[in-house]
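*Asks:* Below is the structure I would like to discuss, written out as structure tokens.
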Amino acid sequence: MNNHVTVLEIDGNALEHNLNYFKQKLQPTTKILAVVKAFGYGSDGVQVAKFLENKVDYFAVAYAHEGIALREADVKTPILVLHPHIQNLQDIVNYRLEPNLYNFQIFEAFLKLADEAPLMNYPIHIKFNTGLNRLGFWHTDIPKIISELKETNHVKVQSLFSHLAASEDLEEQDFTISQINNFAYIAKQFYQHLGYEPMLHILNTSGVVNFSKAQFDMVRIGIGLYGFGNDDKETEQLKNTHNLKSIISQIHIIKPGETVGYNRAFVAKRTTKTATIPIGHADGLSRKLGNKKGYVLINNQKAPIIGNVCMDMIMVNITKIQCNEGDEVIVFNHQNMIQHIANVSETIVYETLTAISSRVNKMLKQ
Ligand SMILES: *Cc1c(COP(=O)(O)O)cnc(C)c1O
């Protein structure tokens, strides 16, 4: 918690609405894993997880320390660590986190640790590469994995999973279907030799939207929880969860010919009223938003960002807006505003959300 006036309000009701929206697309028995990595997509992973803990079956984080933060906040739900390293396996066990084992180096290191502890039936997850070529075993690794698993009862495979490369892109539908089919084939092989049937999962948000038939036992929803369906029609059905607000620190009235900000990038053509807002590129607002490319809302009116985005501040043009120092400023409070910022920043909303830095005060509101 910090006391900064620039606040990211996380809308708990919107999170719940979005969760329920995806639930109604799925079979009632399909489990839901909520992805809360990267501070809950730039919000606050701990607050989001505390809010969702009795509403979902699993959480996922990318790195071990993100999972530790959830356990330290007393989150009891199972937590899958998507991208662990040998250096953090002991912490993973200490905090009852569940590792994704994606290559033989980490798989064997974990088996060794589990044997030495010794652990009993410790839940592990095994990832297969079906075409993203990022993390995961190849299907040809199955016999060796199985033979090593057969020699131990210190671990138990909780799930087998894979990740789609282009689930949001229907032009890549054939590729996605081949990934899904490969995964189903891998699972079948695995089941035949293992003697029990771990859960299966491959769909992320846009996978659920476009390929819900491949929901298997669980789906992994990230961006969708935070209000984006990777498709305008889907996004319209979702509620915005990230509301970024600040206040006006100071108002100036400047004369024609005067300039605003670094490099004197804005030059006033006429008498101009400006407001200085305590949010800058160190808070996650791209410098590409400067020079009238981006705007904020003050009293429901658009105030364009003038001059360059500074590290800690922006200046906006409020010549036509009735307002005072201390008044509220909306940086974004709707998916369309976030999408606009992403477009102007030449990126995707995933990056716009996760860029919101820890200097911003993050608060979940129900
Ligand atoms: C981040 C991530 C997800 C979530 O993807 P969204 O598109 O945000 O739903 C799911 N699975 C894996 C492996 C991921 O890394």
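To keep it simple, each residue is scored yes or no on (1) within 11 Å of the ligand (Cβ to nearest atom); (2) surrounded by fewer than 22 Cβ atoms within 10 Å (Cβ to Cβ).
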site	(1), (2)
159	no, no
162	yes, no
169	no, yes
173	no, yes
176	no, no
199	no, yes
205	yes, no
208	yes, no
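*Asks:* If I go through segment 268-327 residue by residue, how many of them are hydroxyl-bearing (Ser, Thr, Tyr), outside any loop (DSSP other than H, G, I, E, B) and out of contact with any Phe, Trp or Tyr (no Cβ under 9 Å at 6 or more places or on another chain)?
*Replies:* Total satisfying the criteria: 2.
*Asks:* Residues being among the hydrophobic types (A, V, I, L, M, F, W, C) and within 14 Å of residue 284 (Cβ to Cβ): count how many of those fall in segment 306-336.
*Replies:* Final tally of qualifying residues: 7.
*Asks:* Which residues, counting only those in segment 208-267, are in a helix (DSSP H, G or I) and of a type in the set (Gly, Ala, Ser)?
*Replies:* Those that are in a helix (DSSP H, G or I) and of a type in the set (Gly, Ala, Ser): 212, 214.
*Asks:* Right, next: Taking the options 213, 255, 188, name whichever one is under 28 Å from residue 18 (Cβ atoms), away from the ligand (no atom under 13 Å from the Cβ) and without any contact (Cβ under 8 Å) to a residue 40 or more places away in the chain.
*Replies:* The conditions single out 213.
*Asks:* Output yes when any residue across segment 308-327 is crowded, with 16+ Cβ neighbours inside 10 Å and over 18 Å from residue 251 (Cβ atoms), and no when none is.
*Replies:* Yes, segment 308-327 contains a residue that is crowded, with 16+ Cβ neighbours inside 10 Å and over 18 Å from residue 251 (Cβ atoms).
*Asks:* Quick check, is residue 95 in the same structural domain as residue 67 (by TED's automatic domain parsing), within 21 Å of residue 68 (Cα to Cα) and either over 24 Å from the mean Cα position of the chain (by Cα) or of a type in the set (D, E, K, R) (or both)?
*Replies:* Considered against the rule, which asks whether it is in the same structural domain as residue 67 (by TED's automatic domain parsing), within 21 Å of residue 68 (Cα to Cα) and either over 24 Å from the mean Cα position of the chain (by Cα) or of a type in the set (D, E, K, R) (or both), residue 95 comes out as no.
*Asks:* Here's a follow-up. Find all pairs meeting these conditions: Cβ atoms under 9 angstrom apart; at least six residues apart or on different chains; first residue within segment 101-128 and surrounded by fewer than 20 Cβ atoms within 10 Å (Cβ to Cβ); second residue assigned to a helix (DSSP H, G or I) and of a type in the set (Lys, Arg).
*Replies:* Note: pairs meeting the criteria are 104/144.
*Asks:* Okay, moving on. From 76, 37, 55, which residue is basic (Lys, Arg), surrounded by fewer than 16 Cβ atoms within 10 Å (Cβ to Cβ) and closer than 24 Å to residue 227 by Cβ?
*Replies:* None of the other options fit; the residue is 55.
*Asks:* Quick check on my filter: what residues within segment 130-148 are surrounded by 21 or more Cβ atoms within 10 Å (Cβ to Cβ) and either away from the ligand (no atom under 16 Å from the Cβ) or in a loop (DSSP other than H, G, I, E, B) (or both)?
*Replies:* 130, 136
The values are calculated or read from the model by the stated rules, or taken from the named source; none is laboratory data. Keep in mind that what you see is a predicted model, and the values were worked out from it rather than measured. Every residue, glycine as well, gets a Cβ built from its backbone with ideal geometry; the counts of neighbours run over all protein chains shown.
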